[in-house]
């Protein structure tokens, strides 16, 4: 299976962190009304928010239940737990299409190829050179036998009477003027619609903050995307004692950037704790 790193590497990293004195408390989600801010009331002197962006963008927000269509988060999660065998059975010998051009999309197409899909298509609305995925990831996908359908914009799904996927409706695109990011904007070609027959579609078109996540820390300032606003030099939020970093602050980005945010906030938290007034217990 394609992965960023194997389980043994992850366990080594976690063990290094444990040796520093960090305690892991798993299966204890901090969610619900004011849950993060309540930690301060319970005696924690500082809180770091790093929940990431776990809610997926979907092509059809009004139809999230089409049989055979998966968000990339759900698809990749299924490959790492007890659903792997069932997912592999759905993929083997079938046609799989993955929508997107980033690293997550590359994970999806290469894993589908490794699980024995008859054909795997990578559908992307821009050109090969404009893909945000690293070049070596793209090359790996090509070598795995993935078909790249470039300059193609998904517009809808074709389904049967039972609500099961039959294919992906596409329209050709061409590149127009550059947008704010500097990449040329894809423009649809009128009259070029066509249907790609597929048994499964995985949407890897980006992630966003979970719906209602801002209610977990209602006094922390967030932007219109529900991403947390911070001082980039320290990771401080609008609430004293609460810091944040990673994708929930900067949007979808690389792990290395989230690690840097954590280190920046850790230094700021240390300074914050050193400057706070001593408690009665500490004085005594």
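Taking the residues in the range 40-58 that are modelled with pLDDT of 95 or more and in contact with a strand residue (DSSP E or B) (Cβ under 6 Å, 6 or more places away or on another chain) as candidates, determine which candidate is surrounded by the fewest Cβ atoms within 10 Å (Cβ to Cβ). Among those that are modelled with pLDDT of 95 or more and in contact with a strand residue (DSSP E or B) (Cβ under 6 Å, 6 or more places away or on another chain), it is 48. Any residue at all in the range 179-186 that's at positive phi, modelled with pLDDT under 95 and assigned by TED's automatic domain parsing to the domain that holds residue 106? So far as the range 179-186 goes, yes, one or more of its residues are at positive phi, modelled with pLDDT under 95 and assigned by TED's automatic domain parsing to the domain that holds residue 106. Set side by side, the residues 77, 61, 85 differ, and just one is surrounded by fewer than 19 Cβ atoms within 10 Å (Cβ to Cβ), closer than 23 Å to residue 259 by Cα and at pLDDT below 95, which is 77.
Summed over the range 168-207, the residues that are in contact with a helix residue (DSSP H, G or I) (Cβ under 7 Å, 6 or more places away or on another chain) and not in a strand (DSSP E or B) give a count of 2. Summed over the range 208-235, the residues that are in a strand (DSSP E or B), surrounded by fewer than 20 Cβ atoms within 10 Å (Cβ to Cβ) and in contact (Cβ under 8 Å) with a residue 40 or more places away in the chain give a count of 1.
Of the strands (runs of 3 or more DSSP E) that lie entirely inside the range 26-136, those containing 3 or more residues that are touching a residue at least 40 places away in the same chain (Cβ under 8 Å) and over 30 Å from residue 219 (Cα atoms) span 69-71, 95-99. Per the conditions (1) on the phi < 0 side of the Ramachandran plot; (2) in contact with a helix residue (DSSP H, G or I) (Cβ under 9 Å, 6 or more places away or on another chain), the sole criterion not satisfied by residue 214 is (2).
The values are calculated or read from the model by the stated rules, or taken from the named source; none is laboratory data. None of the values given here were measured: they were computed from a predicted structure. Cβ: placed from backbone, ideal geometry, glycine included. Neighbour counts: every protein chain shown.
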